[in-house]
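K.L.:
What follows is a single structure, and I will ask about it in a moment.
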Amino acid sequence: MTSNNPAVFLLMVNGQIEAADFPEYDDLYCKYCFVYGHDWAPTSGLEEGISQITSKGRGSQSLVWNFPLDITFKSTNPFGWPQIVVSVYGPDTFGNDVVRGYGAVHIPFTPGKHTKTIPMFVPESTSRLQKFTSWLMGRRPEFTDPKVVAQGEGREVTRVRSQGFVTLRFNIVTKDMKKLGYDTTSIEHSPARTSQQL
């Protein structure tokens, strides 16, 4: 039996972590996880995953994963809209796996196909001595919980360096948002915008 007044809406996300651009590095893999608010709950799919190791092709600077994403969330309100956190790892000169980048992006708000490019960053040591000893020991600075990347607390005191980009493709479907009073049409597809352009 279906209800005319739904209490929750659904956000269905599928797509892929397509590729990365890290000019200085090769043989990288990525991990992902979702961060979302208290009112959100995953109903199906995987909340986290780890990809295969990929190498650059001949004549290409791109690292291609094409790693699939598939998850469905339910919620009563849009506060705490889900974000995906991507962490990229690879070997250093001594063969230790070290972090090569962290990044996060909100899941797109409007239904349809979307491509997002995430600028990646890595934490930096605060002094030259710490930098040298971390390089020598193979223990680079990294976050104990990558989900901190999607939160604002404490980020202002973290020293980071930009490093690389990751490209994601999303296919977004929403259900019952309009019935709950949320407009999910994008500006580009709104009727008023289209008639003005003609």
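K.L.:
Could you tell me whether Asp92 is more than 30 Å from Phe9 (Cα to Cα), in contact (Cβ under 8 Å) with a residue 40 or more places away in the chain and more than 18 Å from the chain's Cα centre (by Cα)?
P.N.:
On the way: more than 30 Å from Phe9 (Cα to Cα): yes; in contact (Cβ under 8 Å) with a residue 40 or more places away in the chain: yes; more than 18 Å from the chain's Cα centre (by Cα): yes.
So Asp92 passes the test.
K.L.:
So, in the stretch 116-145, exactly how many residues are touching a Phe, Trp or Tyr at 6+ places or on another chain (Cβ under 8 Å) and either open to solvent by 40 Å² or more (accessible area, probe 1.4 Å) or at pLDDT below 85 (or both)?
P.N.:
Total satisfying the criteria: 5.
This table checks each residue for (1) assigned to a loop (DSSP other than H, G, I, E, B); (2) in contact (Cβ under 8 Å) with a residue 40 or more places away in the chain; (3) not hydroxyl-bearing (Ser, Thr, Tyr).
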residue	(1), (2), (3)
Trp81	yes, yes, yes
Val105	no, yes, yes
Thr133	no, no, no
Gly152	yes, no, yes
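The values are calculated or read from the model by the stated rules, or taken from the named source; none is laboratory data. Since this is a predicted model, take the numbers as computed values, not measurements. Ideal geometry is used to build each Cβ from the backbone, glycine not excepted, and the neighbour counts take in all protein chains shown. Areas reflect the complete protein model, heavy atoms only, side chains present, ligands, DNA and RNA absent. Shrake-Rupley method; radii C 1.70, N 1.55, O 1.52, S 1.80 Å.
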